[in-house]
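The values are calculated or read from the model by the stated rules, or taken from the named source; none is laboratory data. Model, not experiment: these values are computed from the prediction. Cβ: placed from backbone, ideal geometry, glycine included. Neighbour counts: every protein chain shown. SASA here: full protein model, heavy atoms, side chains in, ligands and nucleic acids out. Shrake-Rupley method; radii C 1.70, N 1.55, O 1.52, S 1.80 Å.
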Amino acid sequence: MAISHVRAIRTEQGFCIRSDGVRGEGMDGNGRLQSAIVTLQERFASLNWSFHDFPAGQRHEKICRWPGVEDEKILLCVHRSDGVQEPFHYHDFFYFNYTYRGEYDSLSDRYDRRIPIRERELYAGQPFAGHALCVHDNAETIIIGVLIRREMFLRAFLPMLPAGSRLFRFFLDPATDSFSEEFIHFRIEDDSDIHSLLEMMVVEYAFRKEDTQDILKPLALAFLAQVARHYARFGAHLVHKKLSDRIMHYMGGHTDTVTLRDIAVRFSCHPNYVSTLLRRDTGMTFSEILRKLRMERAVILLRESGLPVEEIAMMLGYGSSHFYRVFREYYRMSPRRYLASGGKPQGK
């Protein structure tokens, strides 16, 4: 993918993961908030935005690792840019970028296109998806970023989100679904509680105290719950040309509840036709596809979430004993042995 002409946000220290988005009434009228924004903007240069090389298949890509101090799990940053170039990159943390002022484009890895991001919009992504943020020359842009460590997000926040929600699937799908969405992008309405929660996090982090991380955790969870609500309403749906692709994408998002009859009703097809179509296009039966999707999600949750096996089984639509049996048949070892082996099963 050619990115040599991308215009993006960059600093002498590196780059800032940002999201141009919103400037609600409360964001402008609060003096303490304005002071917090200035403080975080001044503190931005002290963060470590260095790029590192990392292997990605046959290629080597750039990655930005956690820019804050080691013992922090949640970080708020504010960056102001008038347009400089940023290389294409990945990150090892989750980010939620809010455009406080201005606008920019984000170069999408999967779709190979630019996504325009305006004021009053949120842009967020997973560590799994690469991108580059592009600001036009001499266009002032101020971005407030909410950064969450990967392990913190997967263990503390992801299990609190409804298993069937679009946001839950957004954060799990990239590792297992080639049709998954790689970013969140929607406008935040003026009366949204997202504004208030973001303001509180910015102020708390700018004037942080010993217990600031403890205060930020429930605020971040409430923030994510509001993002999930808005994402369900405003998030864009991918459109796939082939019916089998659309069915596979639907199955991947509803692994805990999907049935062949459910798919037949949703896509106005006879169950026998759905079975024939999937076998023809994928070489697998409906049951084999569903088991594969569930097992792929199972190992992600086992490795990353820290949840008990029984809870993971329930999230995937299994009873405990059934889950153990299916997992052992698929990976030829038990879930606990899988973890002890460092995640190197002999899958079928």
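Among 53, 92, the sequence by solvent-accessible area, most first, with a 1.4 Å probe is 53, 92.
With the highest mean first, a sort of the peptides 264-275, 297-308, 194-205 on other beta-carbon atoms found within 10 angstrom per residue produces 194-205, 297-308, 264-275.
Count Lys and Arg as plus one, Asp and Glu as minus one, and take only other residues whose Cβ is under 15 Å from that of residue 73; the net charge is then -4.
Under a Cβ-only charge scheme (Lys and Arg +1, Asp and Glu -1), can you give me the dipole magnitude of the range 235-338 about the Cα centre, in debye to the nearest 20? The dipole of the range 235-338 has a size of about 300 debye.
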